Amino acid sequence: MSRHWYRQLRYPLIALAVTLTLLWTHHHHRLPASYAVATRTHTVTISSAGFVPNQLTAHEGERVSLMIVNTDTRPHNLSIRDLNLTSTELKPTQSTLLQFSAAKRGRYHFVSDAPGYPETGFQGMLVID
């Protein structure tokens, strides 16, 4: 009789063991919520009038993605010197993606300094709060 009982419950017991193993593995290998970092994406257009928009915001701890598009007829870049970030020089119609972590609160000026010096009218502000 005990052998018959074992045969009837063999597959349900195996299924239960596999399910519990998978649940335990999932519970102990998932990432904590603190590792989930928000990403803030901005598109910055460089036109003959300067940066549009010229005011950007981010929250401390966020990942920031800046899509930089040059629509002007001259080459430009975007440089945030206090954060040691500089995009590549963008020729007309070129674009690039600049990614970084907003690690420290503050107000950070950005400029286009492609010719080797800050260009007049090509400036803006990134505020990390």
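Every number here is computed from the coordinates shown, using simple stated rules; none is lab data. The model shown is predicted, which means the values in this text are computed figures rather than measured ones. In this analysis, Cβ positions are derived from the backbone assuming ideal geometry, glycine residues included, and neighbour counts consider all displayed protein chains.
The table below gives the values:
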| item | result |
| --- | --- |
| Spherically averaged projected area of the range 60-129 from its Cα convex hull (nm²) | 4.4 |
| Positive-end residue of Tyr11, Ala102, Thr86, charge dipole of the chain with Cβ unit charges | Tyr11 |
| Förster radius 22 Å - calculated FRET efficiency between Met125 and Arg74 (Cβ-Cβ, nearest 0.05) | 0.50 |
| Among Asn54, Thr120, Trp24 the positive-end extreme of the charge dipole of the chain (Cβ point charges) | Trp24 |
| Size of charge dipole - the chain - debye, nearest 20, with Cβ of Lys, Arg +1 and Asp, Glu -1, no other charges | 1000 |
| Difference of contour (0.36 nm per residue) and Cα-Cα distance, Thr19 to Lys104 | 26.2 nm |
| The chain, relative contact order [Cα under 8 Å, separation at least 6], % | 23 |
| DSSP beta bridge pairing in the chain, given as percent antiparallel to the nearest 5 | 60 |
